[in-house]
Structures are given as structure tokens and as C-alpha cells.
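K.L.:
Sharing a structure below in C-alpha cells format, with a few things to ask.
The values are calculated or read from the model by the stated rules, or taken from the named source; none is laboratory data. Since the structure is predicted, the reported quantities are computational estimates derived from the model, not experimental observations. Every residue, glycine among them, receives a Cβ derived from its backbone with ideal geometry; neighbour counts consider all protein chains shown.
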Amino acid sequence: MTTANGQGNKQVGGLQFEGGAAIVAPASAFQNGMPPNALVVVPISKPTDEMTKKLEKGPIACTQEQMWDLLGFNGPAVQVQDDQGRPVAIGLNDLLSGLEKHWTEQPDDLNRGRIYAQELLKHQRHEEAEKALSKLVAKGGNGDDWLALGIAQLQQDKLEKAEGTLKGAGNLLKGNPYPPLHLARLYGKKEEKDQEKEFIDKAIELDAGCVDAWAYLFQTVRDEKDQDAAIATLEERAKGKRNAAPYIAIQGFFAASEDTRPKAIEYAKKAVDANSDDPVSLLCLSALYGQGGDLNSVVELLSQHENKMSANLHLANNYFEALFQTRQLEKVTKLLNALAGSANKEVKQFAIQRSQLVAQFLQEQQQRLTSAGQA
């Protein structure tokens, strides 16, 4: 099953794609090659008779909501884990209704309510999230519940309610930078610049490593003055401190575009120079090298920090991919053996899975060599 999400006007394989609609079609419809913007979707259950009949007539033009419905999902498909930890896909509406029912069965189990509210926030169902979180707070919820409620209210521009809720969260979460940071966003919406600046500074004071706070400071200065002033402000405040966060924040504003990637690399390097023990700085720089195809630089950078990988899955993944793609298999084997002894379950599972991948690759290589020798 293949769907193509049109972006602009494109003619591919005799099919015209336009706008943001979805087209559901059998793979045979793309005889001249798969469109670059296609998304391959495999239904987890047998397609309905209605869908099969429609596909026999050719590609189907539909909205993305209709596409998920045709594929048998109640709402957009989201990935969850079954009771054995295996990934499965389920419709978002089914997921949310299931979590709500799970909480309703035991309304005093606040953790069930939190899981439900987190999913609502994650999928931007802010009004429903506010209702669920209000119940949690009323039942004696903790500071994180107050913070999440304030965020839900802020997202709906309920500024007076959000202000009181976020201040309550700040009282409960004394060392957490996010209540003041979201209060800064709130005062930004109210165009109270002095208050906005005060709470940005408070967030950074509470946690100088909070990248989100530095990024928001960058945005406010850039919007008030310009980009150069924003960079200068963050660099001035970072001067002489062993803190990678300001530079991580700066590189984030340049990392998304290929044209500005060199500037992102420049500031990611400064982040590593400021504090190479900060794994986020290493992740940012290695990811930027990887996006540019400079795998040797990824290897050179991360080879100096192998000791951090037994506790950091993302660093381990970046290093493994660079080594494997450059076919440095001896180093790959050494790395995976070290990671297999990690106390971190995710890292250990990663090492086992990648070891199986490497073994399969070597087996296929051996079979090719044998076949070539026989020929």
C-alpha cells in the first residue's frame, strides 16, 4: 500500500500530485518509480472490501483523515507497545478512548490519569487535556500536574488561568526552570516585555543548562532587534563558563537548512569546546556531520567519547551508524561488545539488535564471496 502526500504540483508516474491531500494507490500504479514524497503504509489488518474495490479502479484521492479510515484506523495511526513490548500501530482515537477508560475504571489511580493527559498534550488535544489535568490537580496532583495544566491553558490562550496555574507550579517545583519559562512565554503573549525578560532570566538562573530557556532568549532578542544581536547576547552571557547550552540553542536555529548548516556546525563545535562532557553537544555536532555525509568526522569526534555511550543510546547509535556505514567492522564489534555489558536496558537491547544485524550482513557477504568463487 502506498500513499503520496502532495506538496505543490508534481507529476510522477503519470499521476498529478497537488496540495496536501493523500492519494492511496497500489504499488503497481507507480510504474516509473516511487514518488520522492511517498509514504509506504502497511495495513495491520486485511483491507476492507470497500477499499479493495476502490483500489482495483486505480488511485484514490482522499484527505489524510480519510486515508487512515480506509486503512482501518480510527484516527491517525500512532505506535504503541503491546504487553510484550512489541511495537504495534493503533488509531489515535482508539488509543485515547482506551486510556480514558483505563483511568475511569480506577479514578483514584493518578498515574493512569497522567498517562492519558500526556497523550492528549502530545497530540495537541489541549481542551481535553485541560479537563483531565484539572481533575488530577483537584485530586491532589503534584507540581508536574500543575505545570502540564498551565501549559494546556497557555496553548488555548487562557492567559489569566494559566498565569495562576504556572505560578502554583513554580511554588511546587522550586528548582525547575519550566514554570518560569512558560510564564515568560505567557508575558510575551501579553506583550509585557519586562516581565517576560525577568522570567527568562529566572529560568536560566534555576538551570543554566536549560537549552529551551536559552533558545527563547535568542528568539526574543532576535524579534526585538536582529539575529546578530541575539547571537551576541547569548555568546556574551556564555563567555568564560563551562556551559554548552547557549551554543546548542544557537545551532538549533541554523541546523534545519542545508544552506545554514555550516553556521550550525560552527556553533555546535563551540558547544563541544565549552563542555565536551555534555552529551547533547556531541549529539548535535555528530548529527550535523552525518546530515552532511561527513561520516569520518562523526567517527573522529565520537571515538574520543566511547565511555559515555554505555549510558546514552543516542550517542551509541550515531557512532555505530558512522562506523558501520564506513565498514569499520572491527571497531563495530568492539563497540557492541562493550555496550552489551551496559546497565542501561535500552543500550543493552540496542547492542543485541545491532549485533544480529552485523552478523546477518557478514553472512550475506560470505555467501556472495562463495557464489563468486564458484562462478
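K.L.:
Only one residue in Tyr319, Tyr267 is buried (at least 16 other Cβ atoms within 10 Å of the Cβ), at pLDDT 95 or above, aromatic (Phe, Trp, Tyr) and more than 23 Å from Arg242 (Cα to Cα). Which one?
P.N.:
Just one listed residue meets the conditions, Tyr319.
K.L.:
State the number of residues belonging to region 293-313 that are buried (at least 16 other Cβ atoms within 10 Å of the Cβ) and part of a helix (DSSP H, G or I).
P.N.:
Residues that pass the stated criteria total 12.
K.L.:
What residue, among those in region 329-356 that are surrounded by fewer than 14 Cβ atoms within 10 Å (Cβ to Cβ) and part of a helix (DSSP H, G or I), is nearest to the chain's Cα centre (by Cα)?
P.N.:
Glu346
K.L.:
Then there's this: Suppose the filter is at pLDDT 75 or above, acidic (Asp, Glu), loosely packed, with under 13 Cβ neighbours inside 10 Å and under 26 Å from Asp145 (Cα atoms); does Asp108 pass it?
P.N.:
On the way: at pLDDT 75 or above: yes; acidic (Asp, Glu): yes; loosely packed, with under 13 Cβ neighbours inside 10 Å: yes; under 26 Å from Asp145 (Cα atoms): yes.
Considered against the rule, which asks whether it is at pLDDT 75 or above, acidic (Asp, Glu), loosely packed, with under 13 Cβ neighbours inside 10 Å and under 26 Å from Asp145 (Cα atoms), Asp108 comes out as yes.
K.L.:
Still on this structure, please answer the following. Residues of region 164-218 being out of contact with any Leu (no Cβ under 8 Å at 6 or more places or on another chain), over 29 Å from Ala274 (Cβ atoms) and buried (at least 18 other Cβ atoms within 10 Å of the Cβ), which ones?
P.N.:
Tyr187
K.L.:
Also: Going by what's in this entry, would Gly209 be described as touching a residue at least 40 places away in the same chain (Cβ under 8 Å) and either on the phi < 0 side of the Ramachandran plot or assigned to a helix (DSSP H, G or I) (or both)?
P.N.:
For Gly209, the condition - touching a residue at least 40 places away in the same chain (Cβ under 8 Å) and either on the phi < 0 side of the Ramachandran plot or assigned to a helix (DSSP H, G or I) (or both) - is met.
K.L.:
Could you identify the single residue in Ser257, Ser276, Ser286 that is part of a helix (DSSP H, G or I) and either modelled with pLDDT under 95 or within 18 Å of Leu339 (Cβ to Cβ) (or both)?
P.N.:
Details: Ser257 fails: part of a helix (DSSP H, G or I); Ser276 fails: part of a helix (DSSP H, G or I).
Exactly one of Ser257, Ser276, Ser286 is part of a helix (DSSP H, G or I) and either modelled with pLDDT under 95 or within 18 Å of Leu339 (Cβ to Cβ) (or both), namely Ser286.
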